[in-house]
Amino acid sequence: MNASILNRIAFFQGRRDEVPNQQLARELVQQNDLHGIEEIAQNLWHSNPNVQSDCLKVLYEIGYLEPQLITGYVQDFLKLLKSRNNRLVWGSMIALSTIAHLCADEIYPHLAEIQRLMEQGSVITRDNGIRILAALAAQNDTYRKNLFPSLLKHLETCRPKDVPQHAESVLVAVDTANREAFVHVLQTRMADMSASQAARLQKIIRAVMKFSNNGL
């Protein structure tokens, strides 16, 4: 194990910003450094919560770039959802959102916990929870039939400012069977939207109609 990898996280650099973690993530991806990634993942369970948070940040930044490199740590992210440290909870939700399309079968049994956290958690937790649920729903008919109604309910009831972003996240789970219900919900929320928000919803609706008409 190369101890210098862990030493490069923000905490050990005496930094409070995220730049060192982002730089380390990029380098680990560029070098396909599986041993370095493993060292970072092992320290998700470090005794210092700042080290834990930095390691989680490195991993989800890797997830943004090359999600397959962190799929082996899906169970770690799921366990951290039960942490009392809110940073670890929302960081794990971000990590899971980057790999949900690759680890659907491992994540799906934890739906109740994810949905509970979405109801009680921070904006970051909720935003990434929607991405997780939508990614799972996109994987197969069974997941889609179970999850899409709750995704629609969320779009019906969430804050107006969240509708465009969350609708864009849900888009991956829309198919010819559910597109009319999806479009209907967006249309009913139009009255709540600003001009720019309404334009985003119109763009989503056009995209849905286009790809659905092409048989996708």
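The numbers here are math on the coordinates, done by the rules we state, and not lab data. No experiment lies behind these values; they were computed from the predicted model shown. Neighbour counts run over all protein chains shown; Cβ positions are idealised from the backbone, glycine included.
With a ≥ b ≥ c taken as the square roots of the eigenvalues of the C-alpha gyration tensor of segment 75-200, please select rounded if a/c is under 1.5 and otherwise prolate if a/b is larger than b/c or oblate if it is not?
oblate
When only alpha-carbon atoms count, how far does segment 1-101 stretch along each of its three principal axes, as whole angstroms with the largest first?
Here the Cα extents, ordered largest to smallest, are 29, 26, 23 Å.
In degrees between 0 and 90, to the nearest 10, how far off the longest principal axis of the chain does helix 179-189 point, with axes built from Cα atoms?
So the helix axis and the longest Cα principal axis differ by about 90 degrees.
Where Lys and Arg each count +1 and Asp and Glu each count -1, what net charge lies around Val29 among other residues with Cβ under 12 Å from its Cβ?
Once positives and negatives cancel, what remains is -3.
Please work out which option in (1) 16.3; (2) 17.3; (3) 12.7 gives mean projected area of the Cα convex hull in nm² calculated from these coordinates, and answer with its label.
For mean projected area of the Cα convex hull in nm², the calculated option is (3).
Using +1 at the Cβ of each Lys and Arg and -1 at the Cβ of each Asp and Glu in the chain, identify which of Gly129, Leu24, Ile40 lies farthest towards the dipole's positive end.
Checked the options; the winner is Gly129.
Among Ile204, Ala173, Leu151, whose Cα sits farthest toward the positive end of the charge dipole of segment 141-216 (+1 at Cβ of Lys/Arg, -1 at Cβ of Asp/Glu, about the Cα centre)?
Going by the Cα projections, it comes out as Ile204.
With charges only on Cβ, +1 for K and R and -1 for D and E, what is the dipole size of segment 68-172 about its Cα centre, in debye, rounded to 20?
Charge dipole of segment 68-172: 300 debye, to the nearest 20.
For segment 131-148, what does the Karplus curve 6.51 cos²θ - 1.76 cosθ + 1.60, with θ = phi - 60°, yield as ³J(HN,Hα) per residue in whole Hz, taken in order and with x for Gly and Pro?
Each residue's phi maps through the Karplus curve to give 4, 5, 4, 5, 5, 5, 4, 6, 7, 7, 4, 4, 5, 5, 5, 6, 9, 4 Hz.
Any lysines with Cα under 16 Å of the Lys145 Cα? List them, leaving off those in the same chain fewer than 8 positions away.
Lys153
With the alpha-carbon atoms as the only input, what is the per residue convex hull volume for segment 140-216 in Å³? Write down the numbers at each step before the final one.
On the way: hull volume 5.6 nm³, N = 77.
Spread over its residues, the Cα hull of segment 140-216 gives 73 Å³ apiece.
Using unit Cβ charges (K, R positive; D, E negative) and no other charged atoms, how large, in debye to the nearest 20, is the dipole of the chain about its Cα centre?
Its charge dipole is roughly 700 debye.
So how do Leu152, Leu133 line up by other beta-carbon neighbours within 10 Å, fewest first?
If I rank by nearby Cβ atoms, fewest first, I get Leu152, Leu133.
For segment 1-117, give the magnitude of the charge dipole about the Cα centre (Cβ charges: +1 Lys/Arg, -1 Asp/Glu; no others), in debye to the nearest 20.
Values: 10 positive and 13 negative charges, 102 e Å.
The dipole magnitude comes to about 480 debye.
Quick check on the exposure proxy: order Glu168, Glu156 from fewest to most C-beta atoms within 10 angstrom.
Lowest to highest Cβ neighbour count: Glu156, Glu168.
Can you tell me the orientation of helix 195-213 relative to the chain, as the angle in degrees between its alpha-carbon axis and the longest Cα principal axis, to the nearest 10?
The angle comes out at about 80 degrees.
Based solely on its DSSP helices, what 222 nm [θ] is calculated for the chain when runs of n ≥ 4 H residues each add -39,500 (n - 2.57) and the sum is averaged over all residues, nearest 500 deg cm²/dmol? List each step's numbers first, then the result.
On the way: 13 runs with 148 residues, N = 216.
Taken over the chain, the calculation gives -21000 deg cm²/dmol.
For the residues Ser169, Ser92, Ser83, Ser47, what sequence is obtained by ranking on other C-beta atoms within 10 Å, fewest first?
Sorted ascending by nearby Cβ count, the order is Ser47, Ser83, Ser169, Ser92.
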